[in-house]
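Taking it in order: structure first as structure tokens, then the write-up.
Each reported figure results from applying straightforward, stated rules to the coordinates on display, with no laboratory input. This is a predicted model, so every value here is computed, not measured. When we count neighbours, we look across all protein chains shown, and the Cβ atoms used for this are built from the backbone with ideal geometry, even at glycine.
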Amino acid sequence: MFAAPLLSMLALAAAPADDRPLQQVLASPSYTAAVSQLGREHDRIVEDIITLTEIPAPPFAETKRGAAYLDMLKQAGLEDVEVDAEGNVMGLYRGTNAPGGKLVMLAAHLDTVFAADTDVKVRRE
């Protein structure tokens, strides 16, 4: 499983000289549960990434990929899923904490730097 080592490396890179807070996070039930969930969902996550990657999305022409992503967000149960005037796809996933809790935002771009006629078929080696 690649998620745990990757998450650990990222946490280590951002860790202060005193690594006790990091060790607390790595030992926490929440972190362990998240890593376990990533492991269980690994194959589906990879397939979703491949599905999106194989939809051509040259700069300023990512509408089709955006529509597929919008559908994925809806299927995943996100709320308020929408596309803004710039073509950004977004949705809201409510946490389980009390109102006024912390908010986490994840962002990425949908377009690629490839020309429209580039073969975007994913090859697994």
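Quick notes
- Treating each Cα of segment 76-123 as one equal point scatterer and applying the Debye formula with no solvent, the log10 of I(q)/I(0) at q = 0.21 Å⁻¹ comes out as -0.91.
- Pairwise Cα separations in the chain fall into 10 Å bins from 0 onward with the following percentages, short to long: 10, 29, 34, 21, 5, 0.
- Placing +1 on the Cβ of every Lys and Arg and -1 on the Cβ of every Asp and Glu, with nothing else charged, gives the chain a dipole about its Cα centre of roughly 420 debye.
- Linear extension gain, LYS74 paired with ALA115, 0.36 nm per residue minus alpha-carbon span: 11.9 nm
- For LYS102, a cut-off of 28 angstrom between C-alpha atoms picks up these lysines, skipping any fewer than 8 places away in its own chain: LYS74.
- In segment 46-113, a dipole from Cβ-located charges (positive for Lys and Arg, negative for Asp and Glu) runs towards its positive end, and of ALA67, THR96, ALA57 it is THR96 whose Cα lies farthest in that direction.
- At R0 = 35 Å, FRET efficiency that the Cβ-Cβ distance of ASP18 and ALA61 yields, to 0.05: 0.15
- Pairwise label distance in nanometres, THR96 with ASP84, each label 7 Å out on the Cα-Cβ vector: 3.0
- Alpha carbon centroid spacing (whole Å) that separates segment 66-125 from segment 20-38: 25
- Peptides ranked, highest mean first, by Cβ atoms within 10 Å: ranges 109-115, 67-73: 67-73, 109-115
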